[in-house]
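For reference, the structure discussed in these notes is given below.
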Amino acid sequence: MKKEIIAVTACAIMIIGACGSTASLLKKHSYNPAIPVTAGIIAGEPAQEAEKETSAVRGREENSVTATTNAAQISVTGTRLISDIKKTTSAAVAATQKAVTAAEAVTEVMQQTNAVKSSGKKFSIHDLLGKDAKQSFLGYRYSEDGYYYCDDKDCWQKDVGYNEVYDKWAPVVMMYIDQVRVRFEYEDKIWMVQLWKGQYTFHLIGAEIGLYTCEPEDYTGEVGDINHFNCADKEDWLKMQLDCYYCRGGNGTYKKLFTRPYDTYWWATGFVQGQLTKYTAPREELKTGNRVTFKTEDQANLFVQGLKQIGFVRAAGEDKLVNDSYYMEGKDVWVLWHSINQDCFVGYTHEKAAEATSTDA
């Protein structure tokens, strides 16, 4: 990162230097309108010579205007480059601080786990996270309904944001999860709704739904690109519900593990103690029911268009959802997710709400 910043800074200095040199040349060779166009013409010289001189002066004037325009463009480019350097430096510092926070949290988990194992007790996730609803370890709490969840209103994760690198390297920390991501542009922001389900370490299974945003200029959507998103600001939180169902061994009979109640979130999660029999994708022993109420019907429709692009199909009604289907009514969208799984860095196209003309009411 330091090398990149130094290189960009050097480029900025070169551009600024070019601005100065251009300004100097303009001052030295600029056209002076106080000098008559006939100056230097010998009496009796043919009229065409005078015309040539006049044409030459006009040419110098046009070159001067062109050089002035180029200098202005170079100056603007230099200013923007300096601004980008500042943003890059600021982003690097912020990312480093967030990484340190995450590393400290993981270290604390490992210390807690080792402490339990050293005591000779059989390890249980309850020893690590506890069952006291008022207790919060790493932002996680225990519901009276028998599942763990992350308190999205008060957790360190809300300062970290999200990008696909997290999912790519999740198996390194023993997380084997499926993902679905829907991205679209609405109200001058790029929005992303992401779903997860799977094995969270060897002790928990569960699911999540998260809401994220970023600025359009920070987003490319190209295949292979890393686009970092911020956790949605409070004014962008949406009402959501998350139901998680489990079918051990894929015998066809699903039972509900938990429901995160219909409420305002940026991140709704739920986890219970357990293990899947198959860690590889797709993790079809789990499926989730999701409801999201968007700000407007236009925003809901953009989300639906993204679901269709991924492979979800339209159901006949809210109560007629089948695996990997959705239903939209007004601002509300219901999704039943089972088998679809997106790899990381897949790339996206997005469109503005004003350009979305089709609806799925």
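Any read-out appearing in this document is the output of simple, stated calculations on the displayed coordinates, not a laboratory observation. Just so it is clear, the model here is predicted, and its values are computed rather than measured. In this analysis, Cβ positions are derived from the backbone assuming ideal geometry, glycine residues included, and neighbour counts consider all displayed protein chains.
Structure notes:
- The slack in the chain from Cys344 to Lys153, taken as 0.36 nm per residue of separation less the alpha-carbon distance, amounts to 66.0 nm.
- Here the contact order of segment 196-239, divided by its residue count and restricted to Cα pairs under 8 Å and six or more residues apart, works out to 29 percent.
- Proxy reagent accessibility, fewest Cβ within 10 Å first, across Ile226, Ile205: Ile226, Ile205
- For segment 125-355, alpha-carbon Rg and Dmax in angstrom: 16.8, 52
- Residue order, fewest to most surrounding Cβ atoms within 10 angstrom, among Arg260, Arg181: Arg181, Arg260
- Pairs from the list Lys256/Lys295; Lys234/Lys287; Lys153/Lys239; Lys158/Lys278; Lys255/Lys295 with a Cα-Cα gap above 20 Å: Lys256/Lys295; Lys234/Lys287; Lys158/Lys278; Lys255/Lys295.
- Site pair Lys278 and Glu144 shows an inter-label distance of 3.9 nm when each label is modelled 7 Å from Cα along Cα→Cβ.
- Ranking of Ser325, Ser118, Ser339 by neighbouring Cβ atoms within 10 Å, starting from the fewest: Ser118, Ser339, Ser325.
- Gyration tensor (alpha-carbon) shape descriptor, segment 184-317, a/c threshold 1.5: prolate
- Pair Glu217, Met174: separation of 7 Å Cα→Cβ label points (nm): 4.4 nm
- Extending 7 Å from Cα along the Cβ direction at Lys295 and again at Ile310 yields two label points whose distance is 2.1 nm.
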